[in-house]
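Inspection log for the structure reproduced underneath, given as structure tokens.
The values are calculated or read from the model by the stated rules, or taken from the named source; none is laboratory data. Given the structure is predicted, the values throughout are model-derived calculations rather than measurements. Every residue, glycine as well, gets a Cβ built from its backbone with ideal geometry; the counts of neighbours run over all protein chains shown. Quick note on the areas: whole protein, heavy atoms, side chains included, nothing else; ligands and nucleic acids left out. Shrake-Rupley method; radii C 1.70, N 1.55, O 1.52, S 1.80 Å.
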Amino acid sequence: MLSPIQVLCSDITTLSLEPEPFASYTEADIISTVEFNHTGELLATGDKGGRVVIFQREPESKNEPFSQGEYNVYSTFQSHEPEFDYLKSLEIEEKINKIRWLPQQNAAHFLLSTNDKTIKLWKVSERDKRPEGYNLKDEEGRIKDVSTVTSLQVPVLKPMDLMVEVSPRRVFANAHTYHINSISVNSDYETYMSADDLRINLWHLDITDRSFNIVDIKPANMEDLTEVITAAEFHPHHCNLFVYSSSKGTLRLCDMREAALCDKHSKLFEEPEDPSARSFFSEIISSVSDVKFSHSGRYLLTRDYLTAKVWDLNMESKPLETYQVHDYLRSKLCSLYENDCIFDKFECAWNGSDSVIMTGAYNNFFRMFDRNTKRDVTLEASRESSKPRAVLKPRRVCAAGGKRRKDDISVDSLDFTKKILHTAWHPNENIIAIAATNNLYIFQDKLNSEMH
């Protein structure tokens, strides 16, 4: 997989939420989540302005029967609006924290989107016909005077231009005191869970007025609070299992068959701390920002500030593999603490075969690690380096005081305002989506494209 990667889209600006190259952008335009659906044909992004943009993969061209389809905008809609909690005098941001697709059951698609407090279920459907010839309505939809109807006719469906309709089907609200950081759809396709800093709730997709609290780590006295929940996810195959991560760097696997309230975990995954390496920043950088089950369900992938780790569900004592994402920042932790970058929450992703992992870094860099060959690569998502069909060049960061080679980038010249927090991998193919501030980049494995 770690062969050169090439840009998939015909014009990188078409996959940007800013149409003009280098156009100025507002805070609302920053992408806050990226998610492929289960087939990879659709890709959804959410932003800080509460909008969801869905991209659809175009079918293969008839002129080029083996060309890879490109992703173009399919639908855009406003998912959440800013709100105000009058009881607590708090503004509730419209920012989309997470999007999760439901497996497709019919012609329509369904997705869940959430901000800090409210989860919504959306239906995305197509319409290319419209009914005409109603007996009691005129062409503009107004009700006719019954006395004017002298004959009956059968309404007919007439072709029309394709229209994508997005409608809210459910609103799940008022269940979280703290900010929602995760949502995860269960493999039973009937339930899903939502997690905030201290609690995890289980919902039925058809029931909006109640949820079941399955994890509650809130202490009786908030002064005794030592950790918070940072992410949670259901097992891909076993509907009774889920995992949640904490700010202390631990993972807890829970089994809902054991008890209604899963305060006691089934397994605790924790790496023992090296006392000689302990510093003021140890606890901050050990906080897990993301956790993902592998597609097989055998492994867990976690991301903390400096590393990505793969855990085997059968081994709790230590991670199976540890990958250094940007170890050259270890000497910069003090300045990263001062500018709050040390609290950035990077996500991670598996490829379809669980053989390669991906995660983001600073300077619009993202990292890939091949678990089999132990090779890794650093690539950059930027307009300058991502010309259409161009092969991305591997990048290398030179640690402070290290020997610098040609084209190396000094750690002192990294731009910490350009960060790749959100990434997604196509479920079956070597196609990845990278959110870099307000731009969305879609890349494809070069070998994969040459085979077609």
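Filter segment 236-278 for residues that are in contact with a Ser or Thr (Cβ under 7 Å, 6 or more places away or on another chain) and among the polar types (S, T, N, Q); which is surrounded by the most Cβ atoms within 10 Å (Cβ to Cβ)?
It comes out as 245.
Which of the residues spanning segment 171-182 are more than 21 Å from the chain's Cα centre (by Cα) and not aliphatic (A, V, I, L, M)?
Matches in segment 171-182: 174, 177.
Using the structure shown, decide if residue 334 is of a type outside the set (A, V, I, L, M), open to solvent by 20 Å² or more (accessible area, probe 1.4 Å) and at pLDDT below 95.
Yes, satisfied.
Please pick out the residue among 223, 258 that is more than 22 Å from residue 297 (Cα to Cα), modelled with pLDDT under 95 and of a type in the set (Asp, Glu).
Details: 258 fails: more than 22 Å from residue 297 (Cα to Cα).
Residue meeting the stated conditions: 223.
Restricting segment 40-49 to residues that are out of contact with any helix residue (DSSP H, G or I) (no Cβ under 8 Å at 6 or more places or on another chain) and in a loop (DSSP other than H, G, I, E, B), which is least open to solvent (accessible area, probe 1.4 Å)?
Restricting to residues being out of contact with any helix residue (DSSP H, G or I) (no Cβ under 8 Å at 6 or more places or on another chain) and in a loop (DSSP other than H, G, I, E, B), the top hit is 40.
Does segment 214-227 include one or more residues that are under 20 Å from the mean Cα position of the chain (by Cα) and among the hydroxyl-bearing types (Ser, Thr, Tyr)?
Checked segment 214-227: no residue is under 20 Å from the mean Cα position of the chain (by Cα) and among the hydroxyl-bearing types (Ser, Thr, Tyr).
Quick one: in segment 284-305, of everything that is of a type in the set (S, T, N, Q) and outside any helix (DSSP H, G or I), which residue is surrounded by the most Cβ atoms within 10 Å (Cβ to Cβ)? Steps first, please.
Of all residues in segment 284-305, those of a type in the set (S, T, N, Q) come to 286-287, 289, 294, 296, 302.
Those left that are additionally outside any helix (DSSP H, G or I): 287, 289, 294, 296, 302.
On the way: 287: 20, 289: 21, 294: 20, 296: 11, 302: 24.
Once the filter is applied, the top-ranked residue is 302.
Take residue 170 and tell me if it is among the charged types (D, E, K, R) and in contact with a His (Cβ under 6 Å, 6 or more places away or on another chain). Talk me through it step by step, then tell me what you get.
Values: among the charged types (D, E, K, R): yes; in contact with a His (Cβ under 6 Å, 6 or more places away or on another chain): no.
When the stated conditions are applied, residue 170 does not pass them.
Considering only residues of segment 311-331 that are of a type in the set (A, V, I, L, M, F, W, C) and open to solvent by 50 Å² or more (accessible area, probe 1.4 Å), which is nearest to the chain's Cα centre (by Cα)? Break it down into steps so the answer makes sense when it comes.
From segment 311-331, those of a type in the set (A, V, I, L, M, F, W, C) are 311, 313, 315, 320, 325, 329; that's our starting set.
In the following step, the residues that additionally are open to solvent by 50 Å² or more (accessible area, probe 1.4 Å) were identified as 315, 320.
Details: 315: 27, 320: 24 Å.
Per the criteria, the residue is 320.
Output the qualifying pairs, or none if there are none: Cβ atoms under 7 angstrom, residues six or more apart or on different chains, first residue in segment 264-277 and assigned to a strand (DSSP E or B), second residue open to solvent by less than 70 Å² (accessible area, probe 1.4 Å) and among the polar types (S, T, N, Q).
Listed by first residue and then by second, the contacts come to 268/250; 269/250.
Consider residue 281 against the criteria (1) buried (at least 16 other Cβ atoms within 10 Å of the Cβ); (2) touching a strand residue (DSSP E or B) at 6+ places or on another chain (Cβ under 7 Å): it satisfies all of them except one. Which criterion is unmet?
In the conditions (1) buried (at least 16 other Cβ atoms within 10 Å of the Cβ); (2) touching a strand residue (DSSP E or B) at 6+ places or on another chain (Cβ under 7 Å), residue 281 misses (2) alone.
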